[in-house]
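First comes the structure, then the notes that go with it.
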Amino acid sequence: MLQHDEFALRPMAENDLEQVLEWRNSDRIRINMYTDHVINMDEHRKWFTRVSQTKQSFHYIFELHHNPIGVINVNNLDRVNGRCVWGFYLGDATAPKGSGSAMGYFGLEEIFKKLGFRKVVGEAFAFNEESIRFHRRLGFIEEGQFRQHVLKAGRYEDIICFGLLYDDWQLIKNKLGKKIFEESVLLCRS
């Protein structure tokens with residue numbers, strides 16, 4: 001059984017870059033990313049410097065027992081309309097079952113409570129059934145589909161769009177938290 005206090009979410013730091021790059025370049029992560037080329041350390045450092053200076057996005061490391069196991073990114077910040085787009089991945093393929101759901105829970109709490117957004121938008125390739133199930137499990141509603149939206153491996157792929165409102169999160173978060181952290185029923189890893 002997973003315990004809430006075994007996990008933590010903290011801002012990404014420069015000393016995380018090597019681990020994050022290793023995860024990001026793994027085949028199982030890259031296949032589900034918009035940008036799926038192998039990234040070198042120079043490109044990775046430039047990205048981190050840029051996003052650290054602009055404050056137009058937030059990047060977090062998700063930890064289990066103080067060990068990094070995943071990443072959450074919050075982008076496309078729209079303060080006027082109170083919405084943002086999130087992205088995530090469980091980098092550690094050996095993380096215990098349910099860790100992905102815990103990461104989603106922590107990420108949504110951060111976005112709604114600390115960052116103050118009223119809506120979180122998620123996107124997943126139509127072929128990424130695991131991410132689609134993950135969004136639904138966390139209470140997201142499918143809001144649409146971008147047809148032939150992203151070129152991958154010479155083929156244009158569809159994107160499924162999701163949204164989760166703050167008010168809807170408030171209605172489900174306690175029940176979801178109990179499922180993840182208190183009950184023996186562990187949700188599938190994201």
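The values are calculated or read from the model by the stated rules, or taken from the named source; none is laboratory data. For clarity, every value in this text was computed on a predicted model and none was experimentally measured. For accessibility, only protein heavy atoms count, side chains too; no ligands or nucleic acids. Shrake-Rupley method; radii C 1.70, N 1.55, O 1.52, S 1.80 Å.
How large, in percent, is the carbon and sulfur part of the accessible surface of the chain at a probe radius of 1.4 Å? That fraction is 49 percent. Cross-linked pairs K97/K175; K152/K175; K55/K119; K46/K179; K46/K152; K97/K119: Cα-Cα separations exceed 29 Å for K152/K175; K46/K179. For the chain, a Gaussian network of Cα nodes joined below 10 Å ranks F48, F125, F134 by mean-square fluctuation, and the top entry is F48. With a ≥ b ≥ c taken as the square roots of the eigenvalues of the C-alpha gyration tensor of the stretch 73-190, please select rounded if a/c is under 1.5 and otherwise prolate if a/b is larger than b/c or oblate if it is not? It comes out oblate by the Cα gyration axes. Of the residues L138, L151, L115, the one that moves most in a GNM of the chain with alpha-carbon contacts below 10 Å is L151.
What the phi angles of the stretch 19-30 give under the Karplus curve with 6.51, -1.76 and 1.60, with θ = phi - 60°, is a coupling list of 5, 4, 5, 4, 4, 4, 8, 5, 4, 5, 8, 4 Hz, glycine and proline written as x. In the chain, the DSSP-assigned H stretches of four residues or longer account for a calculated mean residue ellipticity at 222 nm of -9000 deg cm²/dmol, using -39500 (n - 2.57) per stretch and the full residue count as denominator. Mind telling me which of G70, G163, G177 comes out most flexible in a GNM of the chain, alpha-carbon contacts under 10 Å? Most flexible of the set in this elastic network: G177.
Please work out whether the stretch 1-113 counts as rounded, prolate or oblate from its C-alpha gyration tensor, where a ≥ b ≥ c are the square roots of the eigenvalues and a/c under 1.5 means rounded, while otherwise a/b larger than b/c means prolate and anything else oblate? Could you put the intermediate results ahead of the total?
Details: a/c = 1.62, a/b = 1.09, b/c = 1.48.
Oblate.
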